[in-house]
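Just below is one structure, and these are the notes that go with it.
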Amino acid sequence: VQRRLVLEKWNDKALKFVEEDHFDPDLSPNECLIEIQTSSVSSTDVFIMTGRYPASDLKNKPPLTLGYDFVGKIIRIGASVEGFKIGDTVCDMPLIGGHAKYIVRAEHDLIKVPDNIDTAEATSLVLTWMTAYQLLYRTTAKRAVDNKEPIFVQGGTGAVANAIVALASRAGCTVFTTARKEYHSRLKQQGVHPIDYRVPKWWLKLRKETGTGVSVSFEGVCPDSFKSAAYMLNSKGKLVIYGAHASVFSGKDQSVLAMAKTLAPIALATLMPWGRSVEFYSISTTRRKHPTWFKEDLTTLFECLSRGEIKIEVTERIKLGEVN
């Protein structure tokens, strides 16, 4: 029996479970049928539910099955599949379809998951940690990371931001971030320099602590905090913007065009004259343009996790039927 978590119309908060008896899909020669073991619940699902996710990456319209990523076992393969076998644990980032019992995916989309990795931890790598890794190594930030230059991460306890903090610290960068006071002790143990964003004009204090400023600011919170992230930069710094920002939850326009309009006066007034620059990052767009990067980078993350070089904290595990 197939079970799927379905969004029936845009902005519908009442998701619906759909069951299909005798689920037996016909596979194309290059396809695999996978029994899903884990998928991540993220703000990206909420972003998709609003209907504002870029159409260039997601053309589907409701009704659709939510679930941005998954890890599962192959239970059937098409006649021409050569790289995988029945029983292999694999993962993918289909954007939709992950919150289900079964999914059909083409062989070229799948990535092998090492047998010694917990499936929930593996799922955390597919979207969250992959985003963090590519922000550091597949954007203009790479040079700064390779040279162990200082960086700033807005909202360092968020899922992606926390992964950026962990990976950048591991790479030898000095990391500055914002976080509530109760998280400072844990961040300091990682060698991170935190400041409470509720402190009045915190950016002035933290900018002073950095000395001449940071080489890269990562901003994934909301357009309202672009200016503070930009203020942290040195004279040649890069502002890297990513993610489904918090404004999507408040009903503000969250299109890339809207973000560009918000950022334009900042770029003109405070960035470009000083040699600074702005870059937007999207994991789905990056994968579409550079499909080989996705497999290379995820394989690297699997290897790091297998060797114990990174640690994944899974805060809660929810059975598919318990999602509400």
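Just checking, how many residues over the stretch 39-57 are under 16 Å from the mean Cα position of the chain (by Cα) and either within 25 Å of Ala120 (Cβ to Cβ) or not charged (D, E, K, R) (or both)? Talk me through it step by step, then tell me what you get.
Within the stretch 39-57, the subset under 16 Å from the mean Cα position of the chain (by Cα) is 39-48, 53-54, 57.
With the extra rule that they be either within 25 Å of Ala120 (Cβ to Cβ) or not charged (D, E, K, R) (or both), the set shrinks to 39-48, 53-54.
Total meeting the criteria: 12.
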Pairs with Cβ under 7 Å, 6+ apart, first in the stretch 112-129 and within 20 Å of Ser282 (Cα to Cα), second of a type in the set (D, E, K, R) and crowded, with 22+ Cβ neighbours inside 10 Å:
Thr123/Asp69; Val126/Asp69; Leu127/Asp69
What is the one condition in (1) in contact with a strand residue (DSSP E or B) (Cβ under 9 Å, 6 or more places away or on another chain); (2) open to solvent by 50 Å² or more (accessible area, probe 1.4 Å); (3) modelled with pLDDT under 85; (4) not hydroxyl-bearing (Ser, Thr, Tyr) that Glu322 does not satisfy?
(1)
If you scan the stretch 262-303, which residues turn out to be open to solvent by less than 30 Å² (accessible area, probe 1.4 Å), in contact with a Phe, Trp or Tyr (Cβ under 9 Å, 6 or more places away or on another chain) and either assigned to a loop (DSSP other than H, G, I, E, B) or at pLDDT 95 or above (or both)?
Asp297, Leu298, Leu301
Which count do you get for residues in the stretch 304-324 that are closer than 13 Å to Leu125 by Cα, out of contact with any Lys or Arg (no Cβ under 9 Å at 6 or more places or on another chain) and in a helix (DSSP H, G or I)?
1
Can Ala230 be described as of a type in the set (A, V, I, L, M) and under 25 Å from Lys311 (Cα atoms)?
no
Considering only the stretch 48-58, how many residues are modelled with pLDDT under 85 and either part of a helix (DSSP H, G or I) or open to solvent by 60 Å² or more (accessible area, probe 1.4 Å) (or both)?
3
Of (1) within 18 Å of the chain's Cα centre (by Cα); (2) aliphatic (A, V, I, L, M); (3) in a helix (DSSP H, G or I); (4) surrounded by 19 or more Cβ atoms within 10 Å (Cβ to Cβ), Val71 satisfies every one except (3)
State whether the residues of the stretch 230-238 include one that is assigned to a loop (DSSP other than H, G, I, E, B) and small (Gly, Ala, Ser).
no
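The values are calculated or read from the model by the stated rules, or taken from the named source; none is laboratory data. A quick note: this is a predicted structure, and the numbers were derived from the prediction, not measured. Every residue, glycine as well, gets a Cβ built from its backbone with ideal geometry; the counts of neighbours run over all protein chains shown. For accessibility, only protein heavy atoms count, side chains too; no ligands or nucleic acids. Shrake-Rupley method; radii C 1.70, N 1.55, O 1.52, S 1.80 Å.
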